[in-house]
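Student: Shown below is the structure under consideration.
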Amino acid sequence: IEKGYEKKRAKLIRAYLPHVPVGAESRAPVTPSSSSSSSSRYQRRRSTGSRDERYRSDVHSEAVQAALERQCERKMAVPMPSKRRSLVVQTSMEAYTPPDSSSSSEAEGSLGRATSAGVEAWISRAIRGSSSSTTSSSSSHSNGSANAARLAENSAHNYNIGPVSHLSLKRRGLREKGMPLENGNMGRHTYDYQSDRPWSSLDSEDSHPAPPDITSYTSDPPPVTVEHLQVAMPTKPSPKYGNAELMETGDGVPVSSRVSAKIQQLVNTLKKPKRRPLREFFVDDFEELLEVQQPDPSLPRPEGAESAIAQGEELCRFKNCPASVEAALQRWGAIAPKAPCLTITHANTKQPYTLTYGKLWSRSMKVAYYILHKLGTKQEPIIHPGDRVALVYPNNDPAAFVVAFYGCLLAEVVPVPIEVPLTKKDAGSQQIGFLLGSCGVAVALTSDACHKGLPKSLSGDIMQFKGWPKLLWVVTDSKHLSKSPREWYPLIKDANNDTAYIEYKTCKDGSVLGVTVTRMSMLTHCQTLTHTCGYKEAETLVNVLDFKKDVGLWHGIHMSVLNMLHVVSVPYALMKVNPLSWIQKVCQYKAKVACVKSRDLHWALVAHRDQSDLNLSSLRMLLVADGANPWSISSCDAFLNVFQSMGLRSEVICPCASSPEALTVAVRRPIEGSSKVAGRGLLGMTGLSHGVIRVDTGEKLSVLTLQDSGSPMPGALVCVVKLESVPLLCKTDEIGEICVSSIATGTSYYGLTGMTKNTFEVCPMSDSGASASECVFVRSGLLGFVGPGGAIFVTGKMDGLIQVGGRRHNADDIVATALAVEPMKFVYRGRIAVFSITVLHDERVVVVAEQRPDSKEEESFQWMSRVLQAIDGIHQVGVYCLALVPSNTLPKTPLGGIHLSETKQLFQEGALHPCNVLMCPHSCVTNLPKPRQKQPEVGPASVMVGNLVAGKRMAQASGRDLSQEDNDQVFIFNLLFPWRAQTTPDHILYTLINSRGVVGSSLTCLQLHKRAEKISAMLFERAQLQNGDHVALVYPPGLDLIAAFYGCLYAGCIPITVRPPHPQNISTTLPTVKMIVEVSRSVCVMTTQGICKLLRSKEASTAVDLRSWPPVLDTDDLPKRRSPLLFKPCDPESLAYLDFSVSTTGMLAGVKMSQSATSALCRSIKLQCELYPSREVAVCLDPYCGLGFVVWCLCSVYAGHQSVLIPPAELEVNPALWLVSVSQLRVRDTFCSYSVLELCTKTLGSVTDSLKARGLDLSRVRTCVVVAEERPRIALTQSFSKLFKDVGLHPRAVSTAFGCRVNLAVCLQGTSGPDPTTVYVDMRALRHDRLRLVERGSPHSLPLMESGKILPGVRIIIANPETKGPIGDSHLGEIWVHSSQNASGYFSVFGEENVHSDHFNARLSFGDTQTVWARTGYLGFLRRTELTDASGERHDALYVVGALDEAMELRGMRYHPIDIETSIIRTHKSITECAVFTWTKLLVVVVELDGSEQEALDLVPMVTNVVLEEHYLIVGVVVVVDTGVIPINSRGEKQRMHLRDGFLADQLDPIYVAYNM
């Protein structure tokens, strides 16, 4: 054995060893068989950490180390996740009380303790090298920039960037002032003043070079060329950080302060994929076309002949064998009542208790009589023969169990043995409850001690467990039962096909099935075991196994009674205290047979401590119940090595293969004095993964050593069938599922006829299609093959099978590899779970391990990266997710193992709470759909052919015509206002509501006119302004702003409304104010006294230089005397005001609104909403830009109605303010924003009853228009309508408006006209810029709501954004607008209108080429509906899909961030908000966590999974932050670029940042 081992080991690792000096190996030979050295070796192991010895193999450990060494040579620094300090918990070992101390097994001899000095040094060098590489990048909290100094050297790209064009205005003011990029972190509220400020838009392609694309599998990224508009502009040289010459981004901020080195590391790592991608097997298109995978001719495939059916020897009937197991009990109870049946040993010092056959017989009779006659009444007994009864007995009380089991058999009742439920939430307990329910169990038998320990309710009754039927609990202890009457005697029949008992089986998915075993099967099975194992009467058997199921039940309860054996039961609790207890019992009782698992062999090895008095020579059979597991061979060999000197013979070790369905499949026979060596096989793991047997020559690293499990059972047939649906016989060199045909098998899954047919009624077929046998076979659930001489080899279980990319892997093999990586340092008690989850049409490997309490962050991350490398090197499969949880937190099975299905369920529900997680989707997911290939530019003719099919109408629509029906002329506000002041002086135009819900102030026509006159006089007298000068109005939302606006118009000046700086966040909001003032070329600033003081404050002077401000006028101090009327006549085409706003992409843009456009816009809104002087309209909008400003400031003056103004900021103090005001003032029309809607939904949704009680009534509301520049948020509007339906809100009332920079109001639902319609489109087609309408509820469907009715005087056409050709109805394209209310153009500093002139002066490339259109920059489509509008025409509905600026180009497809964010928010209850953006072609996801920080890491796999499943994208970085961090502007839109800059500058203070590999 030694020689063979040495030879094999040397051969295996020769290729990976550095040159070792000659003779180095001979200096330290291995002598495992010498007793003294090996014992000291095991003592040494005991003292180190722990590891599950079932998976121990010295050779495998060395193979793992060699694989790691090979990986080290091409290693890359992997970015370590960033973690908030509060999440880094380092506990001491003392804080834990391990539950199963005896499992602190150790086999560290296998690892790194390589025998020769050369090898030892080599392995330690490998470990050191690896650790330094991985920890070099580690940082345990969020300040990733500490590592950024290395970025310059790391980067292969040196970006050379000129100053950015003023046109995009990317934070010019801040760059010149060298402003820090702070997030301000005020907690995100809808009206966060900070959030409208423009952030440098790092991803807009025009201002920033494209970073290297790391998602494609090319070796070198293409060189990046960037062209920039060079504008002569004075700029300060940007400061260099330290001495490093760092690259700079487009706005001159050094990259080191933005991009943490970790992202660069991630990019570098991902540039070099570990393996070639598989052929992509489906196309992401209209239909998902699954490509047929072409088989690779180089892959191993079976070449042998068709396998034959193996036959066991004939089962010889024994002389005077009892006719049933109960008959045997009756016989022994009568003729040998004093013979010992069962001895129970206890964990405490209590004397062992022995149950005799006489006692067993009499007590079983009592139980049988009791359950048949004492439960219920004579007329209506609860239990009838054939009913099912649960047996609930603890693992330390086999005597009570065996009495109840045979009591049930005697009463002809079917026992269902199950585990004791200890708590309401026991792992798997609910599924057991389902089994009991399906079996119709109404009675549970239990022992007195167990009954006392069950959880009770307050009334003292046993608690109702989740999923369990209502049970009557019956205690079967003898003292509780009366003696059966003498005349009563159970009817003992011969074994027949009635069900004897039901054994439960837990499936891979956690469901529990009941396998029924008939009386005939039970008897025959006992006879085959007696025959195979050579049992004789009155032998002693030591049983360490669970006696309620499987091998422990068959040998310790059934077969022992048939043969009158004496069973000595060693409970798990005793094994935990004294792992040697079973060996001591073998010596004490001179036992002939012991039933154990490989775990018990290993525990004995660890604990034997040179105990010289042990003698195992009495053993003739050591039955290893899990000996079929390939990883048990090392335990068997090591056990034999150590205990051979204590009388253990090699032929005594008998591995056994079994399953709940097929019962015992094979046992190796114990043949006295036999020198026949057990069968061994060295199989290559690569071959195994393809289901092919290839005997490995020992040259490769990955081999699996198998031992045979003996030949088929007597009277049984065994065959091996393919795993696919049709049971074809395998080839001789092919792995398949082992099937058994015998009387001694299970017969069905109770109550499941379909599954029973597939498992218990299998008819194997030959390749020709003919039936291979007359017999019916049972699938055993074991994978393997029949070797030479009919020996059965098992390679794994169906339940542990993981199929990735068409290859099969065994979970146990992966566990073994993971455990061979530094086990002594890291994994707590070897507790590792491996399972697969299905993501994107394939299984993905997930590894979950418990880490030791004292392990550090760097250690855990280092271990994780090494495990990934080892599994990749040995199994050639990528691990999708590796999670570490604190010790003792994984759900346990009753005997201390990991409950796999429960662990998987927790992982999938996001309830596992790992303390470390590493996702590797980039290296695992190789079956993404093909990236879209953009077609080359096509001319108008081909567009005509492609998009305008014969009979298709053009996608164009218009609002009602203004010229004929409306006699309103174009009013100039300068004329209109004095006219209103003269004709209706006392008519109230504006009312301002304060936070208490009362009218704070109001303005009549005359008051407003006089106030505006005074302001215009002040502009002339104090500021000496000329006609056409620009004035910045920096006011809070209110009446002062309106008066100042009209004062400017009177004076002939051009007003620009600017949001004032936030007093609590002045350092980040004031620079934006200053920037707008500069960019708009304002010669004067008008404001209130309070803001004047704020601008001159100390905090303001540190943010912005006071001397650089233009003159600031305080309008609270107006001249008292009446000023002469100054009227400046003006041209309708002259400028009325400038509208400045920051887009969600961070671009600051000002548009010019002429007098005629402003007037036309007000006229359209007046007609659409039917606004007249008698009307009241409630406005809860920000009055600084867009339609919000128009409705707040202009419409009342134009239409004469009263506007009730509610500043949105007041809702933060009083969330009900808007709705209460609408209710009290009986307003019929109201305007609001999405942020207002969201605030009301979140804060008031749960208190609608109390609001109703306080008199809130919204039944008068006719229209509630949500003003937005985005796709309608259908979920939010619907939930708002549903929540407030109780207070009278009509569901039809809520509608949306759509406006953009070029036309502030394109659509608005208004009062008349058809209701907004909703259509469902295919999200996958949208990514390809195509439109496909689908039914509601179909997969990948996305609901889109019409954005409102097109306003009067507005014409819309849908055009191709690239070719500028018109597009057909129901096709996706860019929305173009032609209207008199369009803005005149962008306002820019150096008159560079030509850059964006295309936005305002676009023409179609064919068709109507004369009309001038404005391009909105939004994708959408028009669809003619079946509804009719007021004019009787069919209604054309406009659907907005999203902004072109915001869309992300990934894998050649166009993604709208909102779609990905919607999917992510749905995945976990704790995600309240989410934002996505791209950086270096990596998708970055920021989620807000509303829950404990412990949940942060649960979100990483869930987010990654959902984006892969629904959008076919791999997430690069997942950032978990606190609620309120994602910035939102006044319209409720997410400022994603703003967020991105904060992230890259390390300013978000994230809870956790995960870098997906």
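Student: So, in segment 1500-1533, exactly how many residues are part of a strand (DSSP E or B) and β-branched (V, I, T)? Show your work before the answer.
Tutor: Here is the first cut: in segment 1500-1533, the ones part of a strand (DSSP E or B) are 1515-1522, 1528.
Narrowing the set further to residues that are β-branched (V, I, T) leaves 1515, 1517-1521, 1528.
Residues meeting the conditions: 7.
Student: Then there's this: Out of (1) open to solvent by 10 Å² or more (accessible area, probe 1.4 Å); (2) closer than 30 Å to T518 by Cβ; (3) of a type outside the set (F, W, Y), what's the single condition that is false for R599?
Tutor: (2)
Student: Have a look at G1452, G1420, G1407 and point out the one that is open to solvent by less than 30 Å² (accessible area, probe 1.4 Å) and over 30 Å from G1532 (Cβ atoms).
Tutor: Among G1452, G1420, G1407, only G1452 is open to solvent by less than 30 Å² (accessible area, probe 1.4 Å) and over 30 Å from G1532 (Cβ atoms).
Student: Would you mind listing the strands (runs of 3 or more DSSP E) fully within segment 1291-1345 where at least 3 residues are more than 27 Å from the chain's Cα centre (by Cα)?
Tutor: Hits in segment 1291-1345: 1294-1298.
Student: For segment 59-93, how many residues meet the condition of being at pLDDT below 75 and within 22 Å of V917 (Cβ to Cβ)?
Tutor: 12
Student: Same structure, new question: May I ask you to say which residue of N320, N348 is on the phi < 0 side of the Ramachandran plot and modelled with pLDDT under 90?
Tutor: One residue alone meets the criteria, N348.
Student: Could you please find all residues in segment 1251-1266 being in a loop (DSSP other than H, G, I, E, B) and either at positive phi or in contact with a helix residue (DSSP H, G or I) (Cβ under 7 Å, 6 or more places away or on another chain) (or both)? Let's see the steps before the verdict.
Tutor: Filtering segment 1251-1266 for residues in a loop (DSSP other than H, G, I, E, B) gives 1254-1262.
G1255, L1256, D1257, L1258, V1261 - these are the residues of segment 1251-1266 that are in a loop (DSSP other than H, G, I, E, B) and either at positive phi or in contact with a helix residue (DSSP H, G or I) (Cβ under 7 Å, 6 or more places away or on another chain) (or both).
Student: Please indicate, with yes or no, whether at least one residue in segment 758-771 is in contact with a Gly (Cβ under 6 Å, 6 or more places away or on another chain), open to solvent by 20 Å² or more (accessible area, probe 1.4 Å) and modelled with pLDDT of 90 or more.
Tutor: no
Student: In addition: Which condition number in (1) open to solvent by 10 Å² or more (accessible area, probe 1.4 Å); (2) assigned to a loop (DSSP other than H, G, I, E, B); (3) in contact with a His (Cβ under 9 Å, 6 or more places away or on another chain) is the one that A744 fails?
Tutor: Condition not satisfied by A744: (1).
Student: Okay, next question. Cβ-Cβ distance below 6 Å, separation of 6 or more or different chains: which pairs start in segment 776-804 with a residue that is touching a residue at least 60 places away in the same chain (Cβ under 8 Å) and over 21 Å from G510 (Cα atoms) and end on one that is assigned to a loop (DSSP other than H, G, I, E, B) and among the acidic types (D, E)?
Tutor: Final answer for the pair search is V778/E661.
Student: Among the residues that make up segment 507-521, is at least one of them part of a loop (DSSP other than H, G, I, E, B), under 17 Å from C654 (Cβ atoms) and either of a type in the set (K, R) or in contact (Cβ under 8 Å) with a residue 40 or more places away in the chain (or both)?
Tutor: Within segment 507-521 (the criterion being part of a loop (DSSP other than H, G, I, E, B), under 17 Å from C654 (Cβ atoms) and either of a type in the set (K, R) or in contact (Cβ under 8 Å) with a residue 40 or more places away in the chain (or both)), the answer is no, since none of the residues qualifies.
Student: Going by the structure shown, is G1038 open to solvent by less than 10 Å² (accessible area, probe 1.4 Å), closer than 24 Å to T991 by Cα and touching an Asp or Glu at 6+ places or on another chain (Cβ under 9 Å)?
Tutor: Values: open to solvent by less than 10 Å² (accessible area, probe 1.4 Å): yes; closer than 24 Å to T991 by Cα: yes; touching an Asp or Glu at 6+ places or on another chain (Cβ under 9 Å): no.
So G1038 does not fit the description; no.
Student: Among the residues of segment 1135-1162, what is the count of those that are outside any helix (DSSP H, G or I), open to solvent by less than 10 Å² (accessible area, probe 1.4 Å) and more than 25 Å from L1444 (Cα to Cα)?
Tutor: Residues flagged as outside any helix (DSSP H, G or I), open to solvent by less than 10 Å² (accessible area, probe 1.4 Å) and more than 25 Å from L1444 (Cα to Cα) within segment 1135-1162 amount to 3.
Student: Another question, if that's okay. Given the criteria modelled with pLDDT of 80 or more and open to solvent by 10 Å² or more (accessible area, probe 1.4 Å), does L717 qualify?
Tutor: On the way: modelled with pLDDT of 80 or more: yes; open to solvent by 10 Å² or more (accessible area, probe 1.4 Å): yes.
Judged against the criteria, L717 is a match.
Student: Going by what's in this entry, would S459 be described as within 46 Å of the chain's Cα centre (by Cα) and not aromatic (F, W, Y)?
Tutor: The answer is yes for S459.
Student: How many residues are of a type in the set (S, T, Y) and modelled with pLDDT of 90 or more when one looks only at segment 464-505?
Tutor: Residues flagged as of a type in the set (S, T, Y) and modelled with pLDDT of 90 or more within segment 464-505 amount to 4.
Student: Which residues, counting only those in segment 752-796, are touching a Leu at 6+ places or on another chain (Cβ under 6 Å) and either part of a strand (DSSP E or B) or under 18 Å from V692 (Cα atoms) (or both)?
Tutor: Residues satisfying the conditions are M765, F793, V794, T795, G796.
Student: Also: Quick one: how many residues across segment 385-409 are closer than 18 Å to T518 by Cα and either aromatic (F, W, Y) or open to solvent by 10 Å² or more (accessible area, probe 1.4 Å) (or both)?
Tutor: The qualifying residues number 6.
Student: Identify the residue in segment 866-901 that is assigned to a strand (DSSP E or B) and more than 24 Å from I1514 (Cβ to Cβ) and, among all such residues, is least open to solvent (accessible area, probe 1.4 Å).
Tutor: Looking at the filtered set, the residue picked out is V885.
Student: Let me ask another. Which pairs turn up if I take residues in segment 1094-1122 that are free of Cβ contacts under 8 Å to residues at least 60 places away in the same chain and look for partners that are part of a loop (DSSP other than H, G, I, E, B) and open to solvent by 80 Å² or more (accessible area, probe 1.4 Å) with beta carbon separation below 8 Å, at least 6 apart in sequence or on another chain?
Tutor: Cβ pairs passing all conditions: L1106/R1096.
Student: Can you list residue pairs whose Cβ atoms sit under 6 Å apart, with the first residue in segment 351-380 being closer than 15 Å to A400 by Cα and the second being assigned to a helix (DSSP H, G or I) and open to solvent by 20 Å² or more (accessible area, probe 1.4 Å)? Count only pairs 6 or more apart in sequence or on different chains.
Tutor: R363/S478
Student: Quick one: in segment 1335-1348, of everything that is at pLDDT below 90 and under 23 Å from L1508 (Cβ atoms), which residue is least open to solvent (accessible area, probe 1.4 Å)?
Tutor: Once the filter is applied, the top-ranked residue is S1338.
Student: Applying the selection to segment 1170-1179, what residues are under 46 Å from the mean Cα position of the chain (by Cα) and touching a residue at least 60 places away in the same chain (Cβ under 8 Å)?
Tutor: Matches in segment 1170-1179: none.
The values are calculated or read from the model by the stated rules, or taken from the named source; none is laboratory data. What you see is a predicted model, and the numbers here were worked out from it, not measured in a lab. FYI the Cβ positions are ideal-geometry reconstructions off the backbone, even for glycines, and counts take in every protein chain you see. Heavy atoms of the whole protein, side chains included, go into the accessibility calculation; ligands, DNA and RNA do not. Shrake-Rupley method; radii C 1.70, N 1.55, O 1.52, S 1.80 Å.
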